[in-house]
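Take a look at the structure below.
The values are calculated or read from the model by the stated rules, or taken from the named source; none is laboratory data. The shown structure was predicted, so the numbers you read here are calculated from the model rather than taken from an experiment. Heads up, the Cβs are rebuilt from the backbone with ideal geometry, glycines too, and the neighbour counts pull from every protein chain shown. Side chains are part of the model used for accessible areas, which takes the heavy atoms of the whole protein and leaves out ligands, DNA and RNA. Shrake-Rupley method; radii C 1.70, N 1.55, O 1.52, S 1.80 Å.
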Amino acid sequence: MKSPLLSLPGAVPAEGVDEGVAAHYGDLFREQRTLADGNGLVDLSHRGVITVTGDDRLAWLHLLLTQHVSDLPPGQATEALILSAHGHIEHALYLVDDGTTVWAHVEPGTQEALIAYLESMKFFYRVEVADRTEEFAVVHLPAGSIAPVPDGVAVRETPYGRDVFLPRADLEAYAEQNGPAIGLLAHEALRVENHRPRLGFETDHRTIPHELGWIGSAVHLQKGCYRGQETVARVQNLGKPPRRLVFLHLDGSDVHLPPHGAPVRLASDGPEGRQLGFVTTSVRHHELGPIALALVKRNVPVDADLIVDTTAASQETVVEP
């Protein structure tokens with residue numbers, strides 16, 4: 001679904017899963033600084049939007065999600081996961097309840113599979129699940145933004161800003177009134193800076209929540225049963241996730257950023273050494289220079305110097321080993 005904001009001057013389309021919105025509008029670092037200063041808006045209209053309505057919506061979702069949502073107050077933002085039976089991450093939802101409806105946005109293209117799973121779990125519960133992607137576009141306003149939000153529009157307010165579920169027909173006019181529009185690369189740079197994982201980037205087919213630091217923010221350890229809970233409890237009690245997320249400062253002399261999946265090794269072993277992990281997201285930051293998130297084996301020393309392909313990298317701990 002192509003965003004109308006791609007027609008703005010300087011817009012360069014994003015690629016891959018983020019196709020349909022702008023990667024940037026001609027000046028990546030200026031856009032990052034604008035966003036960090038609490039100005040502008042990010043077009044996330046390519047993300048999937050689903051709603052859950054009905055009297056049982058929160059009690060029902062509470063049985064399926066990793067987060068405690070049975071008593072979720074109206075307007076309080078949260079995030080949650082859906083796991084496989086083996087505890088591997090399948091879906092990530094960023095949601096809010098407005099008092100009558102749960103609104104959630106998800107990774108582009110994942111809403112159909114998510115809705116199919118939710119529909120299969122309805123049973124006798126009084127709930128209705130709907131794909132609202134064609135009707136609503138997600139717009140991100142950074143923390144500190146004073147941009148107004150139209151009456152009656154669902155909003156997720158978090159420490160990182162507000163996610164607005166805007167009627168898609170209003171997207172172009174809203175951006176014109178509350179811009180400038182900021183490209184997705186600037187949003188991603190601040191996400192990496194804040195060590196925030198993203199489904200499909202920091203995850204693969206065997207990722208569990210502990211590896212990414214999603215315990216607490218997206219997984220509640222004191223709630224009742226949900227699919228995959230046995231794995232969560234076992235790893236939490238034993239304290240031994242097989243991998244851990246790290247934040248990397250990359251050598252700025254390298255012209256190219258390492259791609260997703262680039263191997264991570266000990267610097268002492270050199271470029272031909274044993275692979276100990278892989279890069280999940282790499283970006284250029286307006287202050288920090290080239291940075292990345294990576295998944296490495298749990299036993300990699302926290303003070304070890306690393307190498308990504310042939311690029312030197314120093315690490316900061318995100319998830320304790």
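Do we find a residue being outside the structural domain of His91 (by the TED database), over 22 Å from Ala77 (Cα atoms), in a loop (DSSP other than H, G, I, E, B) and among the small types (Gly, Ala, Ser) anywhere in the range 206-225?
Checking the range 206-225: not a single residue is outside the structural domain of His91 (by the TED database), over 22 Å from Ala77 (Cα atoms), in a loop (DSSP other than H, G, I, E, B) and among the small types (Gly, Ala, Ser).
Name every residue in the range 260-273 that is at pLDDT 95 or above and either in a loop (DSSP other than H, G, I, E, B) or among the acidic types (Asp, Glu) (or both), in order of residue number.
Those that are at pLDDT 95 or above and either in a loop (DSSP other than H, G, I, E, B) or among the acidic types (Asp, Glu) (or both): His260, Gly261, Ala262.
Looking only at the range 121-137, filter to residues that are open to solvent by 70 Å² or more (accessible area, probe 1.4 Å) and more than 12 Å from Val49 (Cβ to Cβ); which one of those is farthest from the chain's Cα centre (by Cα)?
Of everything passing the filter in the range 121-137, Phe124 is farthest from the chain's Cα centre (by Cα).
Among the residues of the range 182-221, what is the count of those that are of a type in the set (S, T, N, Q) and open to solvent by less than 10 Å² (accessible area, probe 1.4 Å)? Before the answer, list the steps.
Residues of the range 182-221 that are of a type in the set (S, T, N, Q), as a first pass: 194, 203, 207, 217.
Filter again for open to solvent by less than 10 Å² (accessible area, probe 1.4 Å), leaving 207.
The number of residues fulfilling the criteria is 1.
Give the residues of the range 90-124 that are of a type in the set (Phe, Trp, Tyr) and not in a strand (DSSP E or B), sorted by residue number. Give the derivation first.
Filtering the range 90-124 for residues of a type in the set (Phe, Trp, Tyr) gives 94, 103, 117, 123-124.
Scanning the range 90-124 gives Tyr117, Phe123, Phe124.
Which is at positive phi and open to solvent by less than 50 Å² (accessible area, probe 1.4 Å), of Gly224, Gly270? Outline the logic, then answer.
Numbers: Gly224 fails: at positive phi.
So the residue among Gly224, Gly270 that is at positive phi and open to solvent by less than 50 Å² (accessible area, probe 1.4 Å) is Gly270.
Please verify whether Gly179 is within 30 Å of Arg162 (Cβ to Cβ) and surrounded by fewer than 20 Cβ atoms within 10 Å (Cβ to Cβ), treating the condition exactly as stated.
yes
Hey, could you check the range 138-158 for residues that are of a type in the set (D, E, K, R) and within 17 Å of Leu95 (Cα to Cα) and say which is surrounded by the most Cβ atoms within 10 Å (Cβ to Cβ)? Walk me through how you get there before you give the answer.
Step one: list which residues in the range 138-158 are of a type in the set (D, E, K, R), which gives 151, 156-157.
So of that shortlist, the ones also within 17 Å of Leu95 (Cα to Cα) come out as 156-157.
Numbers: Arg156: 22, Glu157: 16.
In this case the residue turns out to be Arg156.
Go over the candidates Val106, Val52 one by one and state the one that is crowded, with 19+ Cβ neighbours inside 10 Å and within 27 Å of Gly144 (Cα to Cα).
None of the others qualify; the one that does is Val106.
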